[in-house]
Amino acid sequence: MELTERYEIVISYVGRIRPGVELIEDVWSTAILEEYKKSAIYVNAIIDERSLVCVDCSKREKVFVVNAIRNPIQTPDKDAYYKALGNIVFQVRRDLNAPYTLISIGAVQVSYFPYNP
């Protein structure tokens, strides 16, 4: 196992009209492909829609949570990965009309098993 980082990006439209998860997926896919063409860094992600409970929220408020884990085999340089992720997040925010965005980073242990037909 190797130590790496897990990034969680929360995208919220509290008090605003929220797009569907399909649009978030499409915008994120476009941004990661453009970043890959520039930097050759993979920033694959898992996108979920979750409930948000907060003081100023309406009932049934939803957020989008994007999880990305740096694969230390594919991208050994964590600073380069974070820069690529930042470029993606800024493009996504621009394309989605500047939603509230929060990024958290946590250390995780990973094992990577490539596809082997």
**Request:** Multiply the residue gap between Val55 and Glu2 by 0.36 nm, knock off their C-alpha separation, and tell me the result in nm, one decimal place.
**Result:** 15.2 nm
**Request:** Over the residues of region 54-117, compute the C-alpha Rg and express it relative to 2.2 N^0.38 Å.
**Result:** 1.49
**Message:** Out of all Cα-Cα pairs in the chain, roughly what percent, to the nearest whole number, are more than 19 Å apart?
**Reply:** 49 percent
**Prompt:** Hey, what do the phi angles of region 73-85 turn into as Karplus ³J(HN,Hα) couplings, whole Hz, using 6.51/-1.76/1.60 and θ = phi - 60°, x for Gly and Pro?
**Reply:** 6, 6, 9, x, 8, 5, 5, 5, 5, 5, 5, 4, 4
**Complete:** Residues meeting the amide H criterion for Val14 (H placed from the backbone, H to H distance under 5 Å, 5 or more places apart or on another chain) are Tyr100
**Request:** Mind listing the long-range amide H neighbours of Glu61? Cut-off is under 5 Å, sequence gap 5 or more, other chains count too, H placed in the peptide plane at 1.01 Å from N.
**Result:** Leu52
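Values quoted throughout were computed directly from the atomic coordinates according to the rules given, and no laboratory measurement underlies them. It should be emphasised that the depicted structure is a prediction, and the values quoted were computed from it without experimental measurement.
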